[in-house]
Amino acid sequence: MIELKNLSKNFGKTRAVSNLNLVVPPGELFALLGPNGAGKTTTVKMITGLILPAQGEIFIKGIDLLKEPEKAKSVIAYIPDEPFLYPELTGREFIFFVSRLYDLEKKTIEDRMGYLFEEFRIDKWIDSPSSEYSHGMRQKVIFIQALIHNPDVIVIDEPMVGLDPVSTRTVKKLLKERVSGGAVVFMSTHSLSLAEEISDRVGIIDNGNLIEIGKVSELKKRKGKTYSTLEEVYFKLTEEEKSAL
């Protein structure tokens, strides 16, 4: 579903991502971890076509993102860490607007909105201008507009920011359902506990380099030592990377 080949990105003299190679197959929830400035958000924005790489290739469901960006983006949903809505539109109007960009019919949109509104326990505020929404309310709308066209690839930057516990549980459930149906979730997060709970595989990036990748159970057994949590492995790896610089 996602294939990155020798992907690199520079900002001035800073190498944000360096020769990243990664394959995420269908039916996998992949979490990318790393400290601030490690290259997580840059990687996410390259996968979604928001920024262009300095070098390398990006394939989404076999489609070359750099050569056929619209075709590739048609199968992607993107949930940023800072949800953006048009302040003049209500949440319902925004979701309908995005849905029409994907050529969904009105009846399909209404049916899927009804299901997702119920899942997220959305009430009458969805018909108020989004300028009145809290961060958590905006985040719910962003999740709904991302999922409504049944994307094959879901890319998320910090998924749970601003969500209450009930909505967090709903997001976990919906993402697991999409993955079990063959979709891919590519998630960048600082939440090690979330990554450990729901990810099939984890990659750890630091200073633009992918320093480790594997199932959580595999990462916990490293160099003959067994770690009790992903957090212990994460700090060990990032400390080793820092020492190597």
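Taking PHE97, is it under 30 Å from ASP123 (Cα atoms), surrounded by fewer than 17 Cβ atoms within 10 Å (Cβ to Cβ) and under 19 Å from the mean Cα position of the chain (by Cα)? In short, no. Do you know which of the residues in the range 107-124 that are touching a Ser or Thr at 6+ places or on another chain (Cβ under 9 Å) and in a helix (DSSP H, G or I) is surrounded by the fewest Cβ atoms within 10 Å (Cβ to Cβ)? Only one residue fits best here, namely THR108. Filtering PHE143, PHE97 for residues that are within 28 Å of PHE59 (Cα to Cα), free of Cβ contacts under 8 Å to residues at least 12 places away in the same chain and outside any loop (DSSP other than H, G, I, E, B) leaves a single hit, PHE97. Got at least one residue in the range 147-167 being of a type in the set (S, T, N, Q), more than 16 Å from LEU32 (Cα to Cα) and at pLDDT below 95? There is at least one residue in the range 147-167 that is of a type in the set (S, T, N, Q), more than 16 Å from LEU32 (Cα to Cα) and at pLDDT below 95.
Only one of ASN6, ASN36, ASN10, ASN21 is of a type in the set (S, T, N, Q) and in a loop (DSSP other than H, G, I, E, B); which?
Selected residue: ASN36, the only one of ASN6, ASN36, ASN10, ASN21 that is of a type in the set (S, T, N, Q) and in a loop (DSSP other than H, G, I, E, B).
Assessment of the range 149-170 against the conditions (surrounded by fewer than 16 Cβ atoms within 10 Å (Cβ to Cβ) and assigned to a strand (DSSP E or B)) yields no matching residue. Within the range 61-83, the residues that satisfy the criterion of being hydrophobic (A, V, I, L, M, F, W, C) and more than 20 Å from PHE117 (Cβ to Cβ) are ILE63, LEU65, LEU66, ALA72, VAL75, ILE76. For the range 5-23, the candidate set comprises residues that are surrounded by fewer than 21 Cβ atoms within 10 Å (Cβ to Cβ) and closer than 23 Å to ALA77 by Cβ; within that set, the residue that is farthest from the chain's Cα centre (by Cα) is LYS5. Under the condition of being assigned to a loop (DSSP other than H, G, I, E, B) and basic (Lys, Arg), which residue from the range 51-94 is nearest to LYS40 (Cα to Cα)? Checking each candidate, the answer is LYS61. Scan the range 69-87 and tell me whether some residue there is in contact (Cβ under 8 Å) with a residue 60 or more places away in the chain, over 21 Å from ALA146 (Cβ atoms), crowded, with 16+ Cβ neighbours inside 10 Å and not polar (S, T, N, Q). Scanning the range 69-87, I find no residue that is in contact (Cβ under 8 Å) with a residue 60 or more places away in the chain, over 21 Å from ALA146 (Cβ atoms), crowded, with 16+ Cβ neighbours inside 10 Å and not polar (S, T, N, Q), so the answer is no. Summed over the range 157-172, residues that are touching a helix residue (DSSP H, G or I) at 6+ places or on another chain (Cβ under 8 Å) and closer than 30 Å to ALA72 by Cα total 10.
The values are calculated or read from the model by the stated rules, or taken from the named source; none is laboratory data. All of these numbers come straight from a predicted model, not from anything done at the bench. Please note: Cβ atoms are built from the backbone with ideal geometry, for glycine as well, and neighbour counts cover all protein chains shown.
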